[in-house]
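Shown next, in structure tokens, is the structure this report addresses.
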Amino acid sequence: MKKENTAIRLKKIMSDRSLRQVDILNLTEPYCKEYGVKMNKSDISQYCSGKTEPNQDKLFILGVALDVSEAWLMGYDVPMRRNDFKDAAKPRQSFSSAEKFKAAYDKSKYRSDRLMSSIIENAEKLNNDGKKSLLDYSGILLGNPKFVKEEVEKEAEKEEALKAAHERTDVEVTKEMKDHDDRIMEDDSEWE
């Protein structure tokens, strides 16, 4: 849900970090060069005044330069913290090739080879702007706990604790007994 706009969020950053508009422009300069995006004093002034909103490329540059989530910068009710891939070779680096993306993803134990192949194929078809957008969107997904590996693991631990609370204590439960119980619990036909 959008609560504010980019002007309000930029003013908050400027106030919190004691920045001026020219400081923001200076912070964006290396990223503008790296990604071939032009940004000038007028752009920053218009974003801060609320006269215009930054386009996708400039929003990305501002997010990277200020180390904040683009969705937060747009005014959405999401965490301010930027969620770049932690496995990337250096902070705030976009994936210039599908191989780098795959290398970061392969470190995750939640991978499906077929799914990964589809993502890689799609990423390879994208131009640099599309790859940047893919990275931006993945950052937004990381802001949602149901898509974050650590949060999923916490939920699995809670489920295991719940199972443990219901385990029998009157007899010694063997592995075969546990496997049998698990098969019954997972078999939908047993619950009709």
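Nothing in this text is a laboratory measurement; each read-out follows from the coordinates by a stated rule. No experiment lies behind these values; they were computed from the predicted model shown. Glycine gets a Cβ as well: all are built from the backbone with ideal geometry, and neighbour counts include every protein chain shown.
Sorting 3-14, 177-188 by their mean Cβ neighbour count within 10 Å, with the most densely packed peptide first, gives 3-14, 177-188. Each peptide among 42-53, 15-26, 65-76 gets the average number of other Cβ atoms lying within 10 Å of its residues, and from highest to lowest they stand as 65-76, 42-53, 15-26. The label-point distance for residue 17 and residue 49, in a model that sets each label 7 Å from Cα toward Cβ, rounds to 2.3 nm. Across segment 174-189, computed HN-Hα scalar couplings (Karplus, 6.51 cos²θ - 1.76 cosθ + 1.60, θ = phi - 60°) run 8, 4, 4, 5, 5, 4, 4, 4, 4, 4, 5, 5, 8, 8, 4, 5 Hz from first to last residue, x flagging Gly and Pro. Cross-link pairs exceeding 24 Å between alpha carbons, from the set 3/158; 11/131; 154/178: 3/158; 11/131. With R₀ fixed at 30 Å, the C-beta to C-beta distance from residue 38 to residue 121 puts the FRET efficiency at about 0.40.
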